[in-house]
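A.B. asks: Quick one: the structure is below, and I'll ask about it shortly.
Throughout, read-outs are computed from the coordinates displayed, never taken from laboratory work. Note that the coordinates shown come from a computational prediction; the quantities given were computed from them, not determined experimentally. Positions of Cβ are generated from backbone atoms using ideal geometry, with glycine treated the same way; all protein chains shown enter the neighbour counts.
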Amino acid sequence: MHELPILRSIVGVALRHAVEAGASRVLAVDVKVGELRGLDAAWIQSYFDFVTEGTPAAGASLRLKESKALFRCRSCGATFPPGPHAGGDVACPHCSSKHVELASGNELLIESIDVV
Ligand SMILES: [Zn+2]
């Protein structure tokens with residue numbers, strides 16, 4: 001599970017943010033998760049609870065926002081969803097260029113943190 005260190009660092013960032021803000025508790029953390037990571041929301045919350053136990057973030061709710069996978073064409077700038085050909089060569093549906101990059105869908109990052 002290579003997401004564990006990432007989640008642990010997310011909790012670390014949230015706790016540091018709380019300290020810097022002079023807050024005593026973290027109430028909620030908004031996290032953006034790309035759908036390509038295929039993470040199980042229930043699993044993330046239970047691991048979050050485990051990692052935050054005994055910290056100011058204990059009991060905080062983890063709000064996951066899934067971002068859809070999206071490619072961006074480097075030739076014409078169009079963005080488009082992966083479509084049915086996952087895993088194979090991805091070509092731009094507009095100009096057929098194969099110079100495409102992943103624009104979103106692989107994130108795992110903090111969007112905002114609520115503290116008191
Ligand atoms: Zn294109």
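A.B. asks: Take the stretch 7-34 and flag every residue that is under 11 Å from Leu62 (Cα atoms) and assigned to a strand (DSSP E or B).
C.D. replies: Hits for the stretch 7-34 are Val26, Leu27, Ala28, Val29, Asp30, Val31, Lys32.
A.B. asks: Being more than 9 Å from the ligand (Cβ to nearest atom) and aliphatic (A, V, I, L, M) is the filter here; which residues of the stretch 76-93 pass it?
C.D. replies: Ala86, Val90
Yes/no per residue for (1) away from the ligand (no atom under 16 Å from the Cβ); (2) of a type in the set (S, T, N, Q):
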{"site": "Ala28", "(1), (2)": "yes, no"}
{"site": "Ile44", "(1), (2)": "yes, no"}
{"site": "Thr55", "(1), (2)": "yes, yes"}
{"site": "Leu64", "(1), (2)": "yes, no"}
{"site": "Ala69", "(1), (2)": "yes, no"}
{"site": "Arg74", "(1), (2)": "no, no"}
{"site": "Cys95", "(1), (2)": "no, no"}
{"site": "Glu101", "(1), (2)": "no, no"}
{"site": "Asp114", "(1), (2)": "yes, no"}
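A.B. asks: Filter the stretch 48-69 for residues that are hydroxyl-bearing (Ser, Thr, Tyr) and in contact with a strand residue (DSSP E or B) (Cβ under 6 Å, 6 or more places away or on another chain) and give the result.
C.D. replies: Within the stretch 48-69, Ser61, Ser67 meet the criteria.
A.B. asks: Right, something else. If the requirement is being in contact (Cβ under 8 Å) with a residue 60 or more places away in the chain and among the small types (Gly, Ala, Ser), which of these qualifies: Ala57, Ala14?
C.D. replies: From the options Ala57, Ala14, the qualifying one is Ala14.
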